[in-house]
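The structure under discussion appears below in the form of structure tokens.
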Amino acid sequence: MSRILLAPMEGLADPLMRQILTAVGGYDWGICEFVRVTESVLPNRTFLRTCPELTQGSRTDAGTPIRVQLLGSDPHYLAANARRLVKHRPAGVDINFGCPAPTVFRHRGGSALLGEPELLHAIVSAIRAEVPREIPFTAKMRLGIKDHSLAIDCARAIEAGGADELIVHGRTKVDGYKPPARWHLIDEVRRAVQLPLIANGEVWTVDDFRNCQQQSGCADVMLGRGALADPLLPRRIRGELPPESAANESLWPMLVPALAEFWLGVRLRVRPVHAGGRIKQWLMLLRRHYRVAEELYTLLRPVKEAEAIDRLLLERGILPHLPNEVHP
């Protein structure tokens, strides 16, 4: 049986969103947003803030295991932080070799390391020495920086360093998130290593999932933005719900409680001046599949006040009640 995994998405899949998506169901495991490592050993509170699931067996409320991702370029400090992290018994440890964000790239993190296979090997080896074998240890990479010429060298370096599995996003750093994801190039990497590969990138529908599997040769697939665009996608893939069609609107009521829980959670955690941006961000993705989400986005787009959004969501039947506790 293929595994369906939830990708780490900085600024999108925070602890609240992970809770929402895994409650809708269908995921085998996921990875939290990255923990940035520089020249220090981070305090325990940093790991717990980024991955609060660590306080409950490294699982979401729905029971989905969540692994912790480290990002950095110094093997010594990454290893030292991994040593501290594993004391929390995470569901797994992942290392970020794929983030394309300009700030991360400028500070020699994420995808910036894909031009240095020797450094990838040093990092993975150093962390492997600190992660007990019973804790899964993975890495996530892109195909390269400007091209995929070093993709196989990078994968082999990660394999030789001792990672258990490798997640490959089918784009380069320069590609960003522009389609297409080149799943066939993931297959070239897969054929060059013994390390089990997981494919990632541009999977929005059940057909995308199947095509990604076929072209990449990978049974297991990690969902990124497609997970937010259709929270029901994992269950569609598993055959528990019908594939995408005009029937999407009949399934929208299944997502209403999730949208309500998300907004109420945002109102508890986020200052009112910033709260509206969070729900609009999600609706922008949801509208790819759901007409009602498009209507909601159009309605809320000009509204800045969180209290006004509260009332509109209540009037539209999204909220069961107005929030009675909000962020100060």
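Per residue, the average separation of C-alpha pairs within less than 8 Å and at least 6 apart gives the chain a relative contact order of 13 percent.
Please give the Cα centre distance for the range 121-138 versus the range 164-233, rounded to the nearest Å. If we compute the Cα centre of each part, the gap is 23 Å. In terms of packing, defined here as the mean over residues of other Cβ atoms within 10 angstrom, the peptides 296-306, 69-79, 25-35 line up highest first as 25-35, 69-79, 296-306. Pairs of lysine residues in the chain that meet both criteria, 8 or more places apart or on different chains and Cα atoms under 20 Å apart, total 5.
Relative to the longest principal axis of the Cα atoms of the chain, helix 306-315 runs at roughly 60 degrees. Sorting 263-270, 154-161, 101-108 by average packing, meaning the other beta carbons within 10 Å per residue, from highest down gives 154-161, 263-270, 101-108. Checking Cβ-Cβ separations below 4.7 Å across the chain identifies CYS99, CYS154, CYS212, CYS218 as cysteines lacking any candidate disulfide partner. Packing-based ranking of 248-255, 168-175 yields 168-175, 248-255, ordered from highest to lowest mean Cβ neighbour count within 10 Å.
Extent along the principal axes, Cα only, for the range 248-315: 33, 22, 21 Å, with the longest axis given first. For the range 278-317, the mean projected area of the C-alpha convex hull, equal to one quarter of the hull surface, is 2.6 nm².
Laboratory data are not the source of any read-out in this text; all were calculated from the coordinates shown. These numbers were taken from a predicted model, which means no experiment stands behind them. Because the Cβ atoms are built from the backbone with ideal geometry, glycine has one as well, and the counts that use them run over all protein chains shown.
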